[in-house]
């Protein structure tokens, strides 16, 4: 997952500025909508709504960790990432259980609730993209920024609406199940994205931006056997050097 440069304005008194406020606002919108979407998904037994909840939870968790990257060190952010990963695992478990229950009892979710949630998901994605537009690079236009932020995230909301139309037309749970599992499959890398956002570095640049970049690669420690082999390879060369001296 790639992270964009986030502008950082300082008012001269050490206070955080517009970019941090935008991240906090987007974070609030994402968590509120994720909670509402998950509640509707459980109430009406919609797999596609629960799958879209996982996608929005990933976006909210990554946004939260990026916001904390501006003020916290990676060690502290890792403590926040652990409960987020546990919640993500719980959402996947809920999806599996609800999918099995829907197939076993042939439960048809409410297409009206699905369509309303799908429309709300599209609106929430557009709102978050507009709120975060203050963090876009100066050379990028608002339209290009919104398109880049909405693609392909906003597709999940449209897929929820299409699943609602398919459910209403067929009066069966299969459109909801198939599309929901597809959205959930697209979020299988959510744990990796959350883990990466927890260890990302925050570097202040001279032009007023804060660059979020991955940490430097850590060198792997040699294992016990590899250390023995390394020393064994060095011993003949050392002995030859002493004899030559």
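Just so you know, all these numbers are worked out from the coordinates, no wet-lab data involved. Just so we're clear, the structure is a prediction, and the values are computed from it rather than from any experiment. Using ideal geometry, Cβ is built from the backbone for each residue, glycine included, and neighbour counts are taken over all protein chains shown.
A few comments on the model shown:
- Counted residue by residue at 0.36 nm each, then reduced by the alpha carbon distance between them, the extension gain from residue 155 to residue 139 reaches 3.1 nm.
- FRET efficiency for the residue 70 to residue 188 pair, using the beta carbon distance and R₀ = 25 Å, is estimated at 0.35.
- Each listed q (0.14, 0.17 Å⁻¹) maps to a log10 I(q)/I(0) for segment 54-194 from the Debye sum over equal C-alpha point scatterers, namely -0.77, -1.03.
- Computed from label points 7 Å out along Cα-Cβ, the spacing between residue 78 and residue 199 is 0.8 nm.
- Scaled against 2.2 N^0.38 Å for its residue count N, the alpha carbon radius of gyration of segment 114-172 is 1.39.
- Counted residue by residue at 0.36 nm each, then reduced by the alpha carbon distance between them, the extension gain from residue 168 to residue 97 reaches 23.3 nm.
- With a simple spin-label model that places each label point 7 Å from the Cα along the Cα-to-Cβ direction, the separation between residue 25 and residue 104 comes to 4.6 nm.
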